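**Q** There's a structure below that I have some questions on.
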Amino acid sequence: MSDANPDLQPILTLDRTVHEPSRLAILTVLSAAEEVEFLFLQRVTGLSKGNLSSHTQKLEGAGYLETVKAFRGRIPVTSFRITDDGKVALKAYHKQLRALLPEEKKR
Amino acid sequence: MRSEKACEKMAELTKRYAAYGAERGGLVALCGGLLLGGISALGTWWSSDVVALNLSAWRAFYGNPDGRGDILLPLWLRLTAWVMPFLFLAVSAWLRHRLYMGFGRVKALEVKQPTPNIRIYWGGFLAIVLAILIAMGFGAFKGGNAAGLRLLGECCVGAGFVGAVRVRQPRGDEMALLLLLWGNAGFSFAGTIWLWVPSSWLMALFGLILAIRGLFQHRAFLELRRELEALDPPEAADV
């Protein structure tokens, strides 16, 4: 890391938990609502059940989302909500990405 | 890598979807509007002979030949009017959760800081509800149950029309419809002619307007559903 080109430093410091495309998609969807059910998250991100579970576990491990388990009648329902840390991480990630863009492409 | 545009699109779809569950269920307004319009029109049609008789005799402000100025609807119609608000509540709850959350439930972002406008509106609304309860108790105490019901009906219709002015508030249309249905139910037991005729027609008109509005909202929802269905199906295999 210390031998890396200093120009690449901003890219190397990107939060890899957020940078992964599927996890970025999950966090983006969660940031747009208070609480999102597994089924909707699966539909809108296009991920399989297994992939979605594994990515949400990683995000939960990083403290970026929390899982809410409930029952609707006898059916177990899993929902997710983004944590404050998750919101901060997503915002910081967007900021970092924008900073990496050439001036003419920034909005 | 997913582009920023794709992320924006996902966020936008989520917000729109959540909004339909929370406040813009078009079919809810459509059903409520039809129920309100239907029961108002039915009551008006049923009582048209009595109303016409009174109006032709210039008795609208003086009361019926029995001297009370009430319109007495048949029992089945009164019971139907009382069933309507409950039916509407059940239908709206069912539609919101079953139809509008078909891809899984999504809770919309909460508005953390209500604007002063919304605060004034809700404050006013709560004051009206309180006034209804006081009026009901007072009316029942002074003039028996019928007078209490009449006051309840009149207050509910008034509150419903106040609510109708702000139908753009979250669930405002549902709230206004519910109040008007309660008002109609109150009237069905003890409505006075001079309030009955204009209120019934206004309620029927308002029900029709909300039903049409609901139809357009539902069409917009169907478009959203098509967009969600057109998304790539979930991957078959886990990676």
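The values are calculated or read from the model by the stated rules, or taken from the named source; none is laboratory data. The structure displayed is predicted, hence computed values, not measured ones. Positions of Cβ are generated from backbone atoms using ideal geometry, with glycine treated the same way; all protein chains shown enter the neighbour counts.
**Q** Checking A:ILE26 against (1) touching a residue at least 24 places away in the same chain (Cβ under 8 Å); (2) surrounded by fewer than 23 Cβ atoms within 10 Å (Cβ to Cβ); (3) not polar (S, T, N, Q): exactly one of these is not met. Which one?
**A** Going through the list (1) touching a residue at least 24 places away in the same chain (Cβ under 8 Å); (2) surrounded by fewer than 23 Cβ atoms within 10 Å (Cβ to Cβ); (3) not polar (S, T, N, Q), A:ILE26 breaks only (2).
**Q** Going by the conditions given, is B:ARG171 modelled with pLDDT under 70 and either on the phi > 0 side of the Ramachandran plot or within 14 Å of chain A (Cβ to nearest Cβ) (or both)?
**A** Criteria met by B:ARG171.
**Q** Also, quick follow-up: Filter the range A:71-99 down to the residues that are basic (Lys, Arg) and under 15 Å from the mean Cα position of the chain (by Cα), then identify the one that is nearest to the other protein chains (Cβ to nearest Cβ).
**A** Selected residue: A:ARG81.
**Q** Which residue is nearest to the other protein chains (Cβ to nearest Cβ), if the candidates are limited to the range A:25-51 and must be within 20 Å of A:LEU90 (Cα to Cα) and among the hydroxyl-bearing types (Ser, Thr, Tyr)?
**A** Out of the qualifying residues, it is A:THR28.
**Q** Testing A:LEU65 on (1) more than 10 Å from chain B (Cβ to nearest Cβ); (2) crowded, with 18+ Cβ neighbours inside 10 Å; (3) touching a residue at least 40 places away in the same chain (Cβ under 8 Å), one condition comes back false. Which one is that?
**A** A:LEU65 satisfies every listed condition except (3).
**Q** A follow-up question, please. Kindly evaluate B:ALA211 against the criterion of being at pLDDT 65 or above, under 19 Å from the mean Cα position of the chain (by Cα), small (Gly, Ala, Ser) and under 19 Å from B:TRP45 (Cα atoms).
**A** So B:ALA211 fails the test.
**Q** Another question, then. Taking only the range B:26-72 into account, find how many residues are small (Gly, Ala, Ser), modelled with pLDDT under 65 and buried (at least 16 other Cβ atoms within 10 Å of the Cβ).
**A** Adding up the residues that qualify gives 2.
**Q** Out of all the residues in the range A:48-81, which are outside any helix (DSSP H, G or I) and closer than 14 Å to A:THR17 by Cα?
**A** If the condition is that a residue be outside any helix (DSSP H, G or I) and closer than 14 Å to A:THR17 by Cα, then A:ALA62, A:GLY63, A:TYR64, A:LEU65 are the ones that fit.
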